[in-house]
Structures are given as structure tokens and as C-alpha cells.
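Scroll down for the structure; my scribbles are underneath it.
The values are calculated or read from the model by the stated rules, or taken from the named source; none is laboratory data. What you are looking at is a predicted structure, and each value in this text was computed from that prediction instead of being measured. Using ideal geometry, Cβ is built from the backbone for each residue, glycine included, and neighbour counts are taken over all protein chains shown. Just the protein is used for accessible areas: all its heavy atoms, side chains included, with ligands, DNA and RNA removed. Shrake-Rupley method; radii C 1.70, N 1.55, O 1.52, S 1.80 Å.
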Amino acid sequence: MSDKRQGTNSGQRASRRDFLKAGIGLGGAVAAGKAFAAEADPAITEVQDWNRYLGAGTDATPYGMPSEHEAEVVRRNVRWLTASTESSVNFTPLHALDGIITPNGLCFERHHAGVAEVDPAQHRLMINGLVERPLVFTVDDLKRFPRENRIYFLECAANSGMEWRGAQLNGCQFTHGMVHCVQYTGVPLKRILDEAGLKTSAKWIMPEGADAAGMNRSVPLEKALDDCLVAFKMNGEALRPEQGYPLRLVVPGWEGNMWVKWLRRIEVGDMPWHTREETSKYTDLMDDGRSRRFTWVMDAKSVITSPSPQAPMIHKGHNVLTGVAWSGRGMIQKVDITLDGGKNWQPARIDGLSLPRALHRFYYEFTWNGEPLLMQSRAVDSSGYVQPTKDELRAVRGLNSIYHNNGIQTWHVTNSGEVENVEIS
Ligand code: MTE
Ligand code: CO
């Protein structure tokens with residue numbers, strides 16, 4: 001395994017190696033001029049081997065894998081971030097993806113105690129506490145309820161957390177890659193709670209995981225009955241072990257930590273439990289020493305995924321800028337783009353599905369003459385909320401925070417096409 005796959009000491013180093021491996025020189029190697037394609041290209045007149053010989057048969061890959069030429073498109077760690085890989089995170093390669101769906105094998109992973117290896121035949125989901133009938137379900141039992149398919153983003157509250165004190169990691173994979181968006185198949189949690197029968201005093205639920213962390217969080221009943229799912233499939237196939245196989249809680253638009261994986265129990269209560277994950281963690285320490293707590297909703301956010309440090313500019317002339325935007329409050333109404341650090345803004349084009357609490361894909365086509373650029377995207381959601389600048393956020397929250405950094409990202413494009421993570425004030 002190359003050290004790239006094992007992780008890197010910093011995003012900066014990773015991205016420079018990416019340029020070199022991709023054969024893109026750093027020193028002024030930007031291709032000049034041609035409109036979209038060359039007229040006389042020898043690659044079309046030479047017959048290649050793959051055009052001459054039989055390819056692999058249908059028994060070669062029972063479970064399909066990406067082309068070997070895409071081997072660089074993988075989840076990556078930032079080694080120095082955590083002491084062990086079991087309580088750690090790797091990041092979605094946002095710079096290499098398109099559309100709104102994250103492929104299952106590329107969804108970032110965040111575990112507090114590694115990936116639990118759960119045997120679905122032995123696994124159970126228990127509903128207990130303030131219910132008329134405590135119940136224990138097998139995974140097959142849950143598949144007998146009416147099920148629904150819904151597309152949602154999941155963002156870790158700590159996404160962009162390393163950037164609170166200034167630009168740090170050089171790549172949107174590392175600055176923004178704790179987000180993924182898949183289609184879940186599952187049972188509305190309301191159906192399952194109704195089956196158990198809620199007592200009138202019921203106000204909160206506490207989902208709990210079957211991993212060694214036994215992760216648990218307090219979720220208000222209102223949310224549980226509104227749009228939460230107990231999911232068993234992602235993008236049509238069984239949940240991946242990393243994403244909570246065989247069962248995970250889906251808490252649309254709310255911080256990833258509440259989406260308990262390897263879901264084994266839901267206790268119903270009349271008060272929050274004040275668990276570790278909602279007291280010492282996943283709270284925001286303000287400048288005056290007070291903490292913001294129960295900051296569940298993920299505010300509107302966006303990032304330009306290409307160009308970006310791992311996806312530098314390689315052509316002058318026509319270029320496509322693309323990125324993703326999302327909001328825990330609903331849909332993305334619009335995304336504006338600036339190439340000059342905020343002096344001029346133009347609307348981007350949102351293409352594809354526009355669904356509440358899902359990623360939105362935007363594009364902005366532009367002409368580049370080789371001048372340095374300061375690129376930013378700014379999302380506005382369907383509630384009218386406008387994505388703030390990082391300085392606006394700091395003015396309200398101070399500098400102690402790790403979580404909920406949805407500030408506007410700036411990429412500096414140099415005249416050689418290289419892209420760097422910077423901040424402007
Ligand atoms: N559930 C359990 N049981 N154990 C965990 O460590 N991590 C949480 C949440 N659910 C976690 C968990 C955190 S902090 C996040 S951000 C999401 O799962 C990450 O989901 P993913 O690994 O599918 O990206
Ligand atoms: Co998280």
C-alpha cells in the first residue's frame with residue numbers, strides 16, 4: 001500500500017503528490033488556448049490494444065470495481081488528526097465526484113470505536129422505556145414494515161472544524177469531506193414507535209449503537225416522529241459495515257453524530273440523557289465560557305469542489321467550476337459564485353435533483369485567461385438563510401469552536417493553475 005492510501009500528514013502534501021502523479025507540472029504547465037478539442041488528434045487515428053483484443057469476461061468481477069485509472073479516487077485520512085484509526089475519520093474525495101449521490105465505497109467514515117462487525121442474524125433492535133409494549137425486532141421483522149426511499153446528506157458536526165483558526169488543510173476532501181449523500185431505504189421511525197405505543201409522558205428518544213463505543217444521543221420525540229428512518233439499505237444495496245450494517249438511524253438535516261450506526265436500542269424517555277456526546281462533545285464553547293448545546297441542525301453550506309487544491313486548473317479558455325451545497329433546513333435556493341474574492345457575484349446553475357436536506361450540485365462555466373483568482377461559493381437555502389463568511393461566524397461564536405463551521409471557503413488560483421486554501425478578510 002502506498003502511503004497515500006494509508007493517509008498523509010497534511011492535506012498540503014497530499015495534494016502536491018496528486019499533481020505530480022497525475023502528470024500535471026506545478027510550474028506554469030497550464031495548457032493554452034484551444035477551444036474545447038483539438039482538430040487533428042493522433043489518438044483517434046492509432047488503433048489501441050483495447051480496440052484489438054478481447055476484454056475480460058463476465059466472471060472477472062462479481063462485484064464491480066472502478067477503473068484502475070481511478071485508483072486515486074479514495075477516502076483519505078489526515079494522520080496527525082487522531083491518535084488511532086479506530087477513533088478517527090477519513091474523508092470523502094469530493095474533488096473527484098459529480099452529481100449529488102456519493103458512491104457507497106467513497107462515503108467518509110467516522111467511528112468512535114472502529115467498525116463493528118455485526119452478524120445480522122444475531123442483531124436485534126429493542127424499543128424500551130416509556131412505551132406501552134417494549135419490543136425486540138430482528139432485522140427481518142423490520143423489513144415487513146412499509147418502507148420508504150429518501151435521499152439525504154449526512155454531515156459530521158466537525159466538518160471544516162480544523163479551519164476555525166485559519167486556512168489549514170489543502171484540499172476540499174480534507175476541509176469539507178465529512179459529508180456524504182446517499183439514498184436510504186428504511187422504515188419511518190414513527191411506524192416502529194407506534195407499534196410499541198408511546199406513553200403520553202414520552203418526550204425524547206435515545207438511540208444506542210452496538211459498537212464498542214455504544215454511541216448514544218438524545219433526540220427530541222418531535223424529530224423522531226417527523227422524518228427519521230431506521231435504514232437498512234444505502235443506494236439500493238445493504239448498508240456498508242462502515243455505515244452501520246445492518247441498521248442505522250437517519251436523522252435528516254441534523255448533525256451526523258446523531259445518526260447512530262449499528263442501531264441496537266431506542267429508549268423512550270421524558271428528558272434528555274445528557275450523554276457524553278452532547279455534553280463534553282458536540283457542544284460549542286463560546287468566548288464568554290458558555291456552551292451552545294443541542295445544536296442539531298446543520299446550517300446551509302457550500303464548497304467549490306473543482307477547481308480545488310486536488311483538482312487544479314489545467315486549461316486556459318473554457319472552464320467548468322462545480323461544487324456542492326446543502327442545508328439542514330430544506331432545499332438550496334441559490335448558489336452565487338465570485339472569482340475575485342467577493343467583489344462581483346454571479347448565480348451558479350443548480351443541475352439535477354433539488355431535494356430537501358440533500359446535496360445540490362452546482363456549475364458555473366467561465367473563461368480563464370491565466371490571471372490569479374479568488375474563488376468562493378455562497379449558498380442561500382429555502383428558509384432564506386445566507387451562508388456566512390468565516391469572519392462573520394467567528395464574530396458570533398469566537399475561536400474555541402470545533403463544530404458547525406459553515407463559513408464561506410476561499411480557493412486561490414495562481415497563474416500556473418495551482419489552487420490553494422486561503423482566507424481573505
Ligand atoms: N454511531 C455509532 N454507533 N458509533 C459511532 O462512532 N459516529 C457518529 C455517527 N454514528 C458513530 C455513530 C458520527 S460522529 C458521525 S459524523 C456519523 O456516524 C458518521 O457516519 P458515517 O461513518 O456513515 O460517515
Ligand atoms: Co461526527
request  = Could you work out how far the C-alpha centroid of the stretch 358-376 sits from that of the stretch 57-76, in angstrom?
outcome  = 30
The stretch 35-127 - convex hull of alpha carbons, volume per residue in Å³ = 231
Summed residue charge, Cβ within 13 Å of Val422's Cβ, Lys/Arg positive, Asp/Glu negative = -3
query = What size of dipole, in debye to the nearest 20, comes out for the stretch 94-292 about its Cα centre when the only charges are +1 on Lys and Arg C-beta atoms and -1 on Asp and Glu C-beta atoms?
reply = 320
inquiry  = Give me the percent of accessible area attributable to carbon and sulfur for the chain, probe 1.4 angstrom.
reply    = 51
inquiry  = So if I place +1 on the C-beta of Lys and Arg and -1 on the C-beta of Asp and Glu, and nothing else carries charge, what would the dipole magnitude of the stretch 73-162 be about its Cα centre? I want it in debye, nearest 20.
reply    = 80
key: Charge context of Leu355, other residues only, Cβ under 14 angstrom, K/R +1, D/E -1   = 0
remark   = Relative contact order as a percentage, the stretch 94-292, C-alpha pairs under 8 Å and 6+ apart, gives 27
remark   = Taking every other residue with Cβ under 13 Å from the Cβ of Cys181 and scoring Lys and Arg +1, Asp and Glu -1, one gets +2
query = What are the principal axis extents of the Cα atoms in the chain, in Å, biggest first?
reply = 75, 62, 39
ask   = Which whole-number percent gives the relative contact order of the stretch 301-422, counting Cα pairs below 8 Å spaced six or more residues apart?
value = 32
Accessible solvent surface per residue of the chain, calculated while the other protein chains remain in place, 1.4 angstrom probe, Å² = 46
request  = Could you work out the relative contact order of the stretch 51-170, using alpha carbon pairs under 8 angstrom and six or more residues apart, expressed as a whole percent?
outcome  = 14
query = For the charge dipole of the stretch 94-292, defined by +1 on Lys and Arg C-beta atoms and -1 on Asp and Glu C-beta atoms about the Cα centroid, which residue among His111, Leu239, Gly177 has the Cα displaced farthest towards the positive pole?
reply = Leu239
message = Counting only helical runs of four or more DSSP H residues, what would the 222 nm mean residue ellipticity of the chain come to if each run contributes -39,500 (n - 2.57) and the total is spread over all its residues?
response = -2500 deg cm²/dmol
inquiry  = Let me confirm the definition first: pairs of Lys residues in the stretch 94-292, 8 or more apart or on different chains, C-alpha distance under 27 Å. How many are there?
reply    = 21
task = Assign unit charges at the C-beta atoms only (+1 for Lys and Arg, -1 for Asp and Glu), then state the dipole size of the chain relative to its Cα centre in Debye, rounded to the nearest 20.
result = 740
